[in-house]
Amino acid sequence: MSEEVAKKKPKSGWLNVLVDYGPLLVFFLTYKIYAPETSDPAGEILAVIRGTGAFIIAALAALAASKWLLGKVSPMLWLSTVLIVGFGALTIYFQNERFIQWKPTIIYVGFGVLLLGGWMKGKPLLKYLLEAAFEGLSHEGWLILSRNWGLFFFALAVLNTVLMYTISFESWLAAKLWLFMPLSFLFTFTQIPMLLKHGMDLGADEEVLENPPHE
């Protein structure tokens, strides 16, 4: 009986991708629907606020879908949902363009500090967040992965800060989808040789690519 239940619960695949990135897509679609056609800072902020509200609802729906369809909620999904709801509520409350832009930098720096702090203490925090996504990976491999992602998050924080002062608000929003997300996937891909060297199961490649850590 337990084997039949396990077969009905997909372990990974595109359903995981939808759960992880569906809410982000909902945010951008909602923003595009309400974004002003001409330059209007107040209108853009309003569009972001509406998109954020949709983002929060979609994130909670993804959490419920993961529990129902996948049979579990990963620690990473719990964490990302808490961040989305918490910072999303602050975004709606403050309704400030600079806060919206600084928010990713704050999150990236926070992740970077936690991961590098854990690495220096010999504790690979990513291991607890990603669970069995990297099956067979050794303790040393987890430490290296945590260190690398910590440094990468700091790099994203610097990039985000530079962009918020050099491009328009609308272009900055587009960069969140068309620059930061591809960079995250590319960085995840570059880690695969190291992961394989430190014991990761070859069958885990697909899940690694589909579920990189994200804000």
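The values are calculated or read from the model by the stated rules, or taken from the named source; none is laboratory data. What you are looking at is a predicted structure, and each value in this text was computed from that prediction instead of being measured. All Cβ positions, even for glycine, are placed from backbone atoms using ideal geometry, and neighbour counts span all protein chains on display. Side chains are part of the model used for accessible areas, which takes the heavy atoms of the whole protein and leaves out ligands, DNA and RNA. Shrake-Rupley method; radii C 1.70, N 1.55, O 1.52, S 1.80 Å.
For the chain, the longest principal axis of the alpha carbon atoms and the long axis of helix 41-65 meet at an angle near 30°.
Hey, what did the chain get for relative contact order, percent, Cα under 8 Å, at least 6 apart?
On the way: 218 pairs, mean separation 47.1, N = 215.
Contact order relative to length: 22 percent.
When you count, for each residue, the other Cβ atoms within 10 Å and take the mean per peptide, how do 163-170, 106-113 rank with the highest first? The partial results should precede the final answer.
Values: 163-170: 13.9, 106-113: 17.9.
The packing order, highest mean first, is 106-113, 163-170.
In the context of the full set of protein chains, the range 37-184 has a per residue accessible area of 50 Å² (1.4 Å probe). Each residue of the range 100-105 was assigned a 3J(HN,Hα) from its phi angle through the Karplus curve 6.51 cos²θ - 1.76 cosθ + 1.60 (θ = phi - 60°); the sequence is 4, 6, 6, 3, x, 4 Hz, with glycine and proline shown as x. Here the calculated FRET efficiency for Ile92 and Met194, from their Cβ-Cβ distance with R0 = 45 Å, stands at 0.65, rounded to the nearest 0.05.
Equivalent ellipsoid semi-axes for the range 25-177, as square roots of 5 times the alpha carbon gyration tensor eigenvalues: give them largest first, rounded to whole Å. Could the numbers behind the result be given before it?
Values: eigenvalues 193, 83, 26 Å².
For the range 25-177, the ellipsoid semi-axes come out as 31, 20, 12 Å.
For Glu135, the residues 5 or more places off, or on other chains, whose built amide H falls under 5 Å of its own are Asp201.
Between Leu83 and Tyr34, the simple label model (points 7 Å from Cα in the Cβ direction) yields a spacing of 2.3 nm. For the pair Glu135 and Trp102, a Förster radius of 41 Å applied to the C-beta separation gives a FRET efficiency near 0.65, rounded to the nearest 0.05.
Taking the 1.4 Å solvent-accessible surface of the chain as the whole, the part contributed by carbon and sulfur is 69%. For the peptides 151-162, 181-192, the ranking by mean Cβ contacts within 10 Å, running from highest to lowest, is 151-162, 181-192. Relative to the longest principal axis of the Cα atoms of the chain, helix 14-34 runs at roughly 0 degrees. Springs join every pair of Cα atoms under 10 Å in this Gaussian network model of the chain, and among Glu135, Glu97, Glu37 the largest mean-square fluctuation is at Glu37.
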